[in-house]
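The structure appears right after this line, and notes come after that.
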Amino acid sequence: MVSFCKSVFKALFYILCCGLFINAAHAQIKEQGIIPQPFKIQKSSEVFTFSPKTSISVGAGIDANNLTFFNQYFHSLSGYSLPISKSAASIKLNIDSAKAIQPEGYILSVTSKQISITGHDQAGVFYGLQSLIQLLRSSNGKITAAGCVVEDYPRFAYRGMHLDVSRHFFKVDAIKKWIDLLALYKINTFHWHLTDDQGWRIEIKKYPLLQSISAWRDETIIGHKRDSPHRFDGKRYGGYYTQDEVKAVVKYAMERHINIIPEIEMPGHALAALSAYPQLGCTGGPYKAATFWGIFDDVYCAGNEETFTFLQNVLDEVLPLFPSKYIHIGGDECPKTKWKTCPKCQKRIKDEHLKDEHELQSYFIGRMEKYLNSKGRQIIGWDEILEGGLAPGATVMSWTGEEGGIAAAKQHHDAIMTPEKYVYLDYYQSLYPSEPLAGGGYTPLSKMYNYEPITKELSGDEAKYIKGVQANAWSEYLASIAQAEHQLFPRMLALSEIAWTAKENKDYNGFLKRLRYELPLLKRLNVNTANTFDEITDSITKSADDKIQLALNSTLPGGQIYYTTNGTVPNLKSKKYSKPLIITASGKVKAVVLSGAKQQGRVYEKDFHLHKAIGKTVTLANQPQGTYNSTGIWGLVNGIYGNKLYNDGQWYGFNGDDLDAVVDLGTTQKVSQLGINILKYHWQKMWEPQVLTFETSVDGKAYTEVYRQTAFNANGINAVRANIKPVQARYIRVKGTNKGIIPPGEYIAGAKAWLLVDELIVN
């Protein structure tokens, strides 16, 4: 693989020569694409012009790697290198913590005669050079930098990017490529998820079966986990990093001021390890590395001393490879099913005077924390390590939501915010049907960019325990480098701005403007960047007279939206969008963004299904939970059916609770058809109701059952359409009995079932 440093400047040279960068010497700094946005920029009319005689002086204590990285960029751009001078020089690099007072901060000054970078520390000098790179431009065949003073430092000390290599394995060259990109955008932590149910990815010499058995699985699921039945490719899959490879990656990252935190998962997500060493499980096996994605009951036995010996020996080989202060031990998604019936685990609970299996998990985490503390390290774990009591020195990585981070901060524990609904990169970034397969959810660039890690629930004193933010890339559906990059970019650039840029300086429109200048560079670097953020998005609201109101939007500069309602693809002869549309009939709206006469992006589509309950009042006995209630109750009667990916905000989820909804039509009228959509994916814990009934009433007090259904056969959307004997009714009651607890033998047995419903249809 061509080195990133050289290829970046080849790309820059191409962009500059093609005029894709701004050629005007006095263009505004904000147009030059500095990402993340610096704390303060003051522009001037001066311009610094580089020549082969331009030299660099390096102050005391500055690592040559900082300069080498920049010089490789510059040589690829200009064709010549900038020599280091021990005397007078026109580019000066220094470390002065009295001037650049914030850790990792820097002051960059560009005048017509001189460029200076003063860093608080080594990292500050390095980041100043990264910003200078983004200020370089071509003007009349010369390399120039516009005059300015940049005062900059990060908002958060921890700026993290996570990558799972267990589900899909990425070779060292890909890891290094992505580390280069992290460095360019001032991300300083790489969280390397090395072990899980589907594969063990790091060499442990004391346990060779981890390499020969645990690093491999028999086959891999085809399609999505929610599909039933599961299909498999029949191909053995795996791989692992040798310790020498790990050392090389860690050194490479350190030279770019990136700390690597390894994750060795425990006590759950252990199937790959158990496949080689079955005595570490509660039943003794046999076990096999998982071939599909999910949560599995077989975990490390917490009552077995050999389990702790094994993990301590593993860590003894991991720690010398990673100088990181923090070691991630997972701690998430650990079912207690096997522990409840395991004699050894039950004996441990009794001997240690523990209350239950949750406290057993706390015991497990606490014991491993003490071991790591004895080695001079500290643990980070997912927010489930809060279960049964938080280990004294643990840092919480809050992923299931923000609650874990809030709870940790209130207990004066450090926390990293990484809530899945805002910063998970395996979520879809577009709702267009042609999006590549992803894990689920919907996190468009705008939603991720606008995430605020310091929540209002935290006081000023508590807020200081939020040490930073991290985006997580889980690789279940990242089967190739191209698929991975589609999910990572450009959202990783949004992450950099969340983590680095001062809250008051964040501006999404300004970010998009700078991002557009970055896209040609990323393309030339062979980064498979998703370019969907300027496509049409919508919002659906209710008008004053209970009609559906559709608003369309695009952030594309100068783009004009054209639409049709007859199913044809719009063009310049179609209606031009100027204000929200009132939907008065069932049908399909299509829209495109045109720049001039050229279509930009994909065709937007939305189907509307009008009926008598549109916009009417809905009352729920139980409130929806989780992420399945984002549109308010109005979404149950807005004429839009939820999609099969359940990420569009249309589905309403009841976790263990029943559906009990009443629709008030406003007046008594004839009703002959009732309907609802039910989502059934047992592999996603989404279960059909045991019984679904419709009832009608004239007065809202006395109800008569008019329809009952108990069979829902489709894996996916079950569209219930009940043609009933016509009745006069004002109130329609829909009741669905939740499955309750998922039965034995099913996926995640013992957990609460979700009941997902959408659109209460009345005709």
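The values are calculated or read from the model by the stated rules, or taken from the named source; none is laboratory data. The model shown is predicted, which means the values in this text are computed figures rather than measured ones. Every residue, glycine as well, gets a Cβ built from its backbone with ideal geometry; the counts of neighbours run over all protein chains shown.
Residues in the range 357-367 include none that are in contact with a strand residue (DSSP E or B) (Cβ under 7 Å, 6 or more places away or on another chain) and surrounded by fewer than 19 Cβ atoms within 10 Å (Cβ to Cβ). Suppose we filter Gly441, Gly401 for residues that are free of Cβ contacts under 8 Å to residues at least 24 places away in the same chain, surrounded by fewer than 19 Cβ atoms within 10 Å (Cβ to Cβ) and not in a helix (DSSP H, G or I); which single one remains? It is Gly401. Determine if the range 77-89 includes at least one residue that is under 35 Å from the mean Cα position of the chain (by Cα) and in a loop (DSSP other than H, G, I, E, B). No, the range 77-89 contains no residue that is under 35 Å from the mean Cα position of the chain (by Cα) and in a loop (DSSP other than H, G, I, E, B). Against the condition among the acidic types (Asp, Glu), in a helix (DSSP H, G or I), buried (at least 21 other Cβ atoms within 10 Å of the Cβ) and in contact (Cβ under 8 Å) with a residue 60 or more places away in the chain, how does Glu535 come out, does it pass? So Glu535 does not fit the description; no. Looking across the range 329-358 at every residue that is within 30 Å of the chain's Cα centre (by Cα) and in a helix (DSSP H, G or I), the one that is farthest from Gln411 (Cα to Cα) is identified as Thr337.
The conditions of being at pLDDT 95 or above, touching an Asp or Glu at 6+ places or on another chain (Cβ under 7 Å) and either assigned to a strand (DSSP E or B) or among the hydrophobic types (A, V, I, L, M, F, W, C) (or both) are met by Lys680. Whenever a residue of the range 358-373 is among the basic types (Lys, Arg), it has no partner that is not in a helix (DSSP H, G or I) lying with C-beta atoms less than 6 angstrom away and at least six residues away or across chains. Assess whether Thr737 counts as being under 17 Å from Asp657 (Cα atoms) and among the β-branched types (Val, Ile, Thr). The answer is yes for Thr737. Given the structure, is Ser57 in a strand (DSSP E or B), over 22 Å from Asp180 (Cβ atoms) and within 37 Å of the chain's Cα centre (by Cα)? In short, no. A count restricted to the range 261-280 and to residues that are crowded, with 21+ Cβ neighbours inside 10 Å, at negative phi and in a loop (DSSP other than H, G, I, E, B) stands at 3. The residue that is modelled with the lowest pLDDT, among those in the range 55-98 that are surrounded by 18 or more Cβ atoms within 10 Å (Cβ to Cβ) and among the small types (Gly, Ala, Ser), is Ser76. Across the range 588-610, the qualifying residues are those that are more than 30 Å from the chain's Cα centre (by Cα) and under 16 Å from Val637 (Cα atoms), and the one among them that is surrounded by the fewest Cβ atoms within 10 Å (Cβ to Cβ) is His609. Restricted to the range 133-144, and to residues there that are of a type in the set (A, V, I, L, M, F, W, C) and either over 22 Å from Glu497 (Cα atoms) or not in a helix (DSSP H, G or I) (or both), the residue that is farthest from the chain's Cα centre (by Cα) is Ile143. For the range 452-467, which positions are surrounded by 20 or more Cβ atoms within 10 Å (Cβ to Cβ) and within 15 Å of the chain's Cα centre (by Cα)? Across the range 452-467, the qualifying residue is only Pro453. In the range 412-425, the residues that are over 16 Å from Tyr465 (Cα atoms) form Cβ pairs under 9 Å with partners that are in a helix (DSSP H, G or I) and of a type in the set (Lys, Arg), at six or more places apart or across chains, as follows: Lys421/Lys447; Tyr422/Lys447; Val423/Arg491; Leu425/Arg491. When the test is whether a residue is assigned by TED's automatic domain parsing to the domain that holds Thr195, assigned to a loop (DSSP other than H, G, I, E, B) and of a type outside the set (A, V, I, L, M), Ser446 does not pass it. On inspection, Tyr422 does not qualify as part of a helix (DSSP H, G or I) and within 21 Å of Thr195 (Cα to Cα). Selection of the range 145-167 for residues being surrounded by 21 or more Cβ atoms within 10 Å (Cβ to Cβ), under 21 Å from the mean Cα position of the chain (by Cα) and of a type in the set (Gly, Ala, Ser) yields Gly160, Ser166.
Looking at Ala613, Ala591, just one residue is closer than 16 Å to Leu552 by Cβ and modelled with pLDDT of 95 or more, and that residue is Ala591. Restricting attention to the range 199-213, does a residue exist that is buried (at least 23 other Cβ atoms within 10 Å of the Cβ) and polar (S, T, N, Q)? No, there is no match, as no residue in the range 199-213 is buried (at least 23 other Cβ atoms within 10 Å of the Cβ) and polar (S, T, N, Q). When Lys547 is tested against the conditions (1) surrounded by fewer than 18 Cβ atoms within 10 Å (Cβ to Cβ); (2) under 23 Å from Tyr731 (Cβ atoms); (3) under 25 Å from the mean Cα position of the chain (by Cα), the lone failure is (3).
Results for (1) of a type outside the set (D, E, K, R); (2) without any contact (Cβ under 8 Å) to a residue 12 or more places away in the chain; (3) more than 30 Å from Lys616 (Cα to Cα), shown as yes or no for each residue.
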{"position": "Trp500", "(1), (2), (3)": "yes, no, yes"}
{"position": "Arg514", "(1), (2), (3)": "no, no, yes"}
{"position": "Glu518", "(1), (2), (3)": "no, no, yes"}
{"position": "Leu522", "(1), (2), (3)": "yes, no, yes"}
{"position": "Val527", "(1), (2), (3)": "yes, no, yes"}
{"position": "Ala544", "(1), (2), (3)": "yes, yes, no"}
{"position": "Ile548", "(1), (2), (3)": "yes, no, no"}
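For the range 566-587, a residue qualifies if it is surrounded by fewer than 17 Cβ atoms within 10 Å (Cβ to Cβ) and either of a type in the set (Val, Ile, Thr) or under 30 Å from the mean Cα position of the chain (by Cα) (or both), and the qualifying residues are Thr568, Val569, Ile582, Thr584. Is one or more of the residues making up the range 686-705 in contact with an Asp or Glu (Cβ under 7 Å, 6 or more places away or on another chain), more than 17 Å from Ile732 (Cβ to Cβ) and touching a residue at least 40 places away in the same chain (Cβ under 8 Å)? Within the range 686-705, not a single residue is in contact with an Asp or Glu (Cβ under 7 Å, 6 or more places away or on another chain), more than 17 Å from Ile732 (Cβ to Cβ) and touching a residue at least 40 places away in the same chain (Cβ under 8 Å). For Ala290, indicate whether it is outside any helix (DSSP H, G or I), over 20 Å from Lys206 (Cα atoms), at pLDDT 95 or above and in contact with a Pro (Cβ under 9 Å, 6 or more places away or on another chain). Judged against the criteria, Ala290 is not a match. If I filter the range 709-721 for residues that are surrounded by 14 or more Cβ atoms within 10 Å (Cβ to Cβ), assigned to a loop (DSSP other than H, G, I, E, B) and modelled with pLDDT of 95 or more, do I get at least one hit? Yes, because at least one residue in the range 709-721 is surrounded by 14 or more Cβ atoms within 10 Å (Cβ to Cβ), assigned to a loop (DSSP other than H, G, I, E, B) and modelled with pLDDT of 95 or more. Would you pick out the residues in the range 208-260 that are of a type in the set (Gly, Ala, Ser) and either farther than 14 Å from Ser166 by Cα or not in a loop (DSSP other than H, G, I, E, B) (or both)? Ser212, Ser214, Gly223, Ser228, Gly234, Gly238, Ala248, Ala253, listed by residue number.
The set of residues in the range 100-112 being of a type outside the set (Ser, Thr, Tyr), surrounded by fewer than 22 Cβ atoms within 10 Å (Cβ to Cβ) and modelled with pLDDT of 95 or more consists of Gln102, Pro103. Before we move on, is Ile329 in contact with a Leu (Cβ under 9 Å, 6 or more places away or on another chain), closer than 30 Å to Thr627 by Cβ and touching a residue at least 60 places away in the same chain (Cβ under 8 Å)? The answer is yes for Ile329.
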